[in-house]
Amino acid sequence: MKAAVVIFPGSNRERDAGRALRDASGHEPHYVWHADHELPRGTDLVVLPGGFSYGDYLRCGAIAGRANIMDAVRAHAARGGLVLGVCNGFQILVESGLLPGVLMRNAQLRFVCKMQHLKVDRADTPFASAYHVGQVIKVAIAHGEGNYVADEDTIDRLEHEGRVAFRYCDADGHVGGSANPNGSLHDIAGIYSAGFNVLGMMPHPENLIDPLVGGTDGRGLFASLVDHFAATAA
Amino acid sequence: MKARVTVTLKTGVLDPQGKAIEGALKSLGIEGVESVRQGKVFDIELAGADRARAEDALKAACEKLLANTVIENFRVEIGG
């Protein structure tokens, strides 16, 4: 699996993403600068990491979403290439038009930084095959603008096409209510593109890969990706 | 040429910041506040004197970057 992690001015989780990718695949990812026009040849997976690109000026992810490299990322996605956007990376994906909807200010107006349970909505994608449907995983969230909003037609389409990847839940797997940390519609924590090759999510699976920091439930996502490319290569 | 672009949230889009400001105004005893919606203002200086071209350029600027048209409307005003 050849992975490329894009660095924007203000990205700050690129090393975490890189470590998760390296631990899962045995290979160091390429780090690609936002002003570049091309991805490394043979890139299988593009990761847009978390952080505060351009200081969250204008709207979170708005300026990064128009960076040079994003044309190459759009072309990669259009070819069916895999793209993972985490936190600010998810915000960049919606701002760049690769995923629908928008991430607004958390309903409680506060930055939330804590452990959060998620329910896996589907497990037949390149990103989630190591999980099972309905599985509850514990990962970290750290965001001020994670409140997923889209118009009714878009939400209906996402639900109808089964494009919700993860939903916020409590430790027992009860979705929504007080377990929803930011007011997201339908308790959405992550969504797929129509082709299931682009995943955007607010929580940080890359930070839950080592028991030293509270758990390893994030490993499954990276293991799924490695399995996907091992299977396609075979 | 000077221009002002105003970006506002579309009707129906929840605005938690506007709600918080509305609450603060009420708690300050400002009378008659029914609701508050927060937006953004961009003052832009443009080269040239062709108003139609300026309007086109600003519309493109709004659609490409200044507004997220999923949730926001924009208005362009060109001054002297």
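Details
- Per-residue Karplus couplings for the stretch A:183-195, computed as 6.51 cos²θ - 1.76 cosθ + 1.60 with θ equal to phi - 60°, are listed in order as x, 3, 4, 6, 6, 6, 9, x, 9, 9, 6, 4, x Hz, Gly and Pro entered as x.
- Per the Debye formula on identical point scatterers at the alpha carbon atoms of the stretch A:88-234, with no solvent, log10 I(q)/I(0) at q = 0.08, 0.09, 0.10, 0.19 Å⁻¹ is -0.20, -0.25, -0.31, -1.18.
- Trypsin sites (Lys or Arg not before Pro) within the stretch A:65-128, DSSP loop, no more than 12 other Cβ atoms inside 10 Å: A:Arg79, A:Arg110
- Distance between modelled label sites at A:Ala231 and A:Arg41, nm, 7 Å Cα→Cβ extension: 3.0 nm
- Where only DSSP H runs of four or more residues are counted, the protein assembly as shown gives -7500 deg cm²/dmol as its mean residue ellipticity at 222 nm, each run worth -39500 (n - 2.57).
- Intensity falloff of chain B expressed as log10 I(q)/I(0), Debye formula with alpha-carbon point scatterers, at q = 0.27 Å⁻¹: -1.19
- Partners for A:Lys138 among lysines (Cα-Cα distance below 21 Å; same-chain residues under 8 apart left out): A:Lys114, A:Lys119
- The share of Cα pairs per 5 Å bin across the stretch A:158-211, counted from zero up to the longest distance, runs 4, 19, 23, 25, 18, 9, 2, 0 percent.
- Candidate aspartates and glutamates - alpha carbon under 20 Å from B:Lys2, same-chain residues fewer than 8 apart omitted: B:Asp43, B:Glu45, B:Asp50, B:Glu55, B:Asp56, B:Glu63, B:Glu77
- Straight Cα distances below 15 angstrom link A:Lys2 to the aspartates and glutamates A:Asp23, A:Glu28, A:Glu38, A:Asp44, A:Asp227, with same-chain residues fewer than 8 positions distant left out.
- In degrees, nearest ten, helix B:51-61 long axis to first principal axis of chain B (Cα): 60 degrees
- If R0 equals 25 Å, the separation of the Cβ atoms of A:Asp71 and B:Lys59 corresponds to a calculated FRET efficiency of about 0.70.
- Chymotrypsin sites (Phe, Trp or Tyr not before Pro) within the stretch A:11-119, DSSP loop, no more than 15 other Cβ atoms inside 10 Å: A:Tyr57, A:Phe111
- Residues whose amide H lies under 5 Å from that of A:Val83, counting only those 5 or more places away or on a different chain, are A:Val46, A:Val198, A:Leu199; hydrogens are built 1.01 Å from N in the peptide plane.
- Computed over the stretch A:1-133, the alpha-carbon pair-distance distribution with 10 angstrom bins reads 12, 41, 36, 10, 0, each value a whole percent.
- Neighbours of A:Val198 by Cβ distance under 13 Å: Lys/Arg scored +1, Asp/Glu scored -1, total +3.
- With the simple model of a label 7 Å out from the Cα in the direction of the Cβ, B:Leu14 to A:Asn12 spans 2.6 nm.
- Dimensionless Rg ratio for the protein assembly as shown, taking C-alpha atoms and the 2.2 N^0.38 Å reference: 1.05
Read-outs throughout are calculated quantities, based only on the coordinates presented, and are distinct from any laboratory measurement. What you see is a predicted model, and the numbers here were worked out from it, not measured in a lab. So basically every Cβ, Gly included, is an ideal-geometry build from the backbone, and we count neighbours across all protein chains shown.
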